[in-house]
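One structure is given below, represented as structure tokens, and several questions about it will come after.
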Amino acid sequence: MTYPDQAPASAALLERARAVIPSGVNSPVRAFRSVGGTPRFMRSASGPWLTDVDGRRYVDLVGSWGPMILGHAHPQVLEAVREAAADGFSFGTPSEREVALAEEIVTRVAPVESVRLVNSGTEASMSAIRLARGFTGRSVVVKFAGCYHGHVDSLLAAAGSGLATFALPDSAGVPASAAAETIVLPYNDVPALEVAFAERGEQIAAVITEACPGNMGVVPPLPGFTDALRRVTAEHGALLISDEVMTGFRCSASGWFGLEGPPAGGAPDLFTFGKVMGGGFPAAAFGGRADVMALLAPEGPVYQAGTLSGNPVASAAGLATLRLCTPEVYARLDEVAHTIADAVAAELDRAGVAHRIQWAGSMFSVFHRAGQVRDYADAQDQDTAAFGRFFHGMLRRGVHLPPSAFETWFVSAALDDEAISKILAALPGAVADSL
Ligand code: PMP
């Protein structure tokens with residue numbers, strides 16, 4: 001079955017939404033601005049399928065931008081959520097489910113000795129940065145162009161994700177003083193890192209990096225790059241913050257850290273997590289060295305707090321999701337991702353379209369360009385218009401890709417034979433549409 005391009009019920013909802021919500025969306029990439037057309041308003045989701053308000057079903061390769069690793073409304077996660085909700089929605093006191101979730105994270109990622117739960121990846125990055133500043137008594141932060149760590153003022157310079165999608169160098173509304181505390185470097189460039197530290201090493205509190213960038217498309221660290229981050233930060237007394245919001249518990253049971261292993265010279269000092277660990281609910285975390293985490297209030301002088309942090313329903317969803325992420329699930333994710341990516345590559349090859357597929361565990365992205373993508377400049381050098389046509393080619397055949405050339409495709413363990421067949425069947429027509 002093919003779908004008409006029009007989506008009348010979604011279009012009507014978008015118009016209604018625009019009257020009360022800027023651009024009609026609560027997060028920019030949802031607006032389809034870079035690919036054009038009407039964003040689909042979803043009514044429900046189950047397993048690998050999304051159903052929109054026009055009643056059409058799509059195979060979901062967005063997975064809510066990462067969290068839905070088991071597919072939608074997984075019965076056991078749903079049961080855990082029901083049980084937790086029946087016990088009350090939020091206490092504003094400590095409770096056992098948040099302890100169990102913290103234990104699960106600490107067990108999975110060995111260098112994380114202590115972890116605090118928050119509500120979003122943005123909050124996790126913001127808090128980790130504040131903590132690094134408190135610990136070192138310094139203020140400057142190094143980040144890499146194309147890496148996204150949430151919409152934290154000082155981290156919006158040359159950020160990936162939506163800013164890459166809309167080709168924004170940075171955001172209005174960020175004070176010059178915040179931007180001045182940020183050094184933006186090209187990813188995978190050790191000499192640039194060394195120069196920055198040689199010039200300003202004594203002012204640098206931390207380097208924050210995506211463990212393996214996924215917000216400019218997937219751009220893995222070149223061999224030795226993570227080691228260099230560890231070596232240079234340690235030499236200058238700065239902390240290394242590894243942002244595993246996207247990769248955490250997705251690339252492997254212990255995220256990108258589990259795939260790449262600790263850098264020579266020791267593990268990152270702090271980690272941030274989100275997405276999968278909330279199972280689709282607002283839950284995220286930052287954690288790491290116990291001596292650094294000990295600086296948090298109330299014992300320490302670095303303030304950080306949250307009315308809903310460690311929410312019992314979100315914690316239950318996250319915990320159930322993590323417990324269901326067995327080795328078999330990770331093996332299945334890898335298998336499914338390779339089946340899809342191989343088929344995409346074969347179809348693009350057949351049509352003579354230059355492309356490059358890059359990987360982080362089961363996360364992958366398809367660049368419409370030839371040659372390795374090592375940094376943000378490489379990632380920007382691709383045919384985003386061709387991606388837009390390809391995206392709509394897939395959408396009209398019932399497959400929902402991330403609506404941006406700069407995003408990861410997120411597979412779920414719920415992708416079954418029917419869903420995969422639908423993806424494979426959509427590819428020839430979508431590639432033809434993209435030419
Ligand atoms: N860090 C990374 C690596 C991310 O991918 C994201 C979100 N895509 C964030 C931080 C911010 O997370 P949130 O959207 O939950 O604030």
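The values are calculated or read from the model by the stated rules, or taken from the named source; none is laboratory data. The model shown is predicted, which means the values in this text are computed figures rather than measured ones. Note that we place each Cβ from the backbone using ideal geometry, even for glycine, and neighbour counts take in every protein chain shown. Accessible surface is based on the protein model in full, side chains and every heavy atom, while ligands, DNA and RNA are left aside. Shrake-Rupley method; radii C 1.70, N 1.55, O 1.52, S 1.80 Å.
Order the peptides 98-104, 209-215 from the highest to the lowest mean number of other Cβ atoms within 10 Å of their residues.
209-215, 98-104
Sticking with this one: Enter the per residue convex hull volume of region 38-103, computed from alpha-carbon coordinates, in Å³ rounded to the nearest integer. Don't skip to the answer; put the middle values down first.
Details: hull volume 8.9 nm³, N = 66.
Convex hull of Cα atoms, per residue: 134 Å³.
Once you order the gyration tensor axes a ≥ b ≥ c over the Cα atoms, which shape class does region 85-157 get: rounded for a/c under 1.5, otherwise prolate or oblate by comparing a/b with b/c?
Details: a/c = 2.23, a/b = 1.81, b/c = 1.23.
It is prolate, given that a/c is not under 1.5 and a/b is the larger ratio.
If you average 1/r across every pair of different Cα atoms in the chain and take the reciprocal, what Kirkwood value do you get, in Å?
In the chain this quantity evaluates to 22.1 Å.
For region 182-309, report the convex hull volume of the alpha-carbon atoms normalised per residue, in Å³, without decimals.
On the way: hull volume 16.0 nm³, N = 128.
Convex hull of Cα atoms, per residue: 125 Å³.
Continuing with this model, one more query. With every protein chain left in place and a probe of 1.4 Å, what is the accessible surface of LYS422, to the nearest 10 Å²?
Spelled out: LYS422, probe radius 1.4 Å, area about 50 Å².
Also, quick follow-up: With springs only between Cα atoms under 10 Å apart, run a GNM on the chain and tell me which of VAL106, VAL140, VAL218 wobbles the most.
Looking only at VAL106, VAL140, VAL218, the largest GNM fluctuation is found for VAL106.
Write down the percent of antiparallel bridges among all DSSP beta bridges whose residues are both part of the chain, to the nearest 5.
Numbers: 23 of 42 bridges.
Counting DSSP beta bridges with both partners in the chain, the antiparallel share is about 55 percent.
Separate question: Would you work out the relative contact order for region 121-238, in percent, from Cα pairs under 8 angstrom that are 6 or more residues apart?
It rounds to 31 percent for region 121-238.
Same structure, new question: Each residue of region 383-394 in turn: what ³J(HN,Hα) in whole Hz from Karplus with 6.51, -1.76, 1.60 and θ = phi - 60°, glycine and Pro shown as x?
Values per residue, Gly and Pro as x: 8, 5, 5, 4, 4, x, 5, 4, 3, 5, x, 6 Hz.
Enter the accessible area of GLU328 (Å², nearest 10), with the probe set to 1.4 Å and all protein chains included.
Its heavy atoms expose roughly 130 Å² to the probe.
With an 8 Å Cα cut-off and a minimum separation of 6 or more residues, compute the relative contact order for region 330-384 in percent.
Relative contact order, region 330-384: 26 percent.
In addition: Give the accessible surface of the chain per residue, rounded to a whole number of Å², with probe radius 1.4 Å and ligands, DNA and RNA excluded.
On a per-residue basis, the chain sits at 39 Å².
May I pose another question? Taking Cα pairs under 8 Å and at least six residues apart, what relative contact order does region 27-69 come out at, in percent?
The normalised contact order for region 27-69 reaches 20 percent.
Just the accessible area for ASP334, please: 1.4 Å probe, Å², rounded to the nearest 10?
The accessible area of ASP334 comes to roughly 60 Å².
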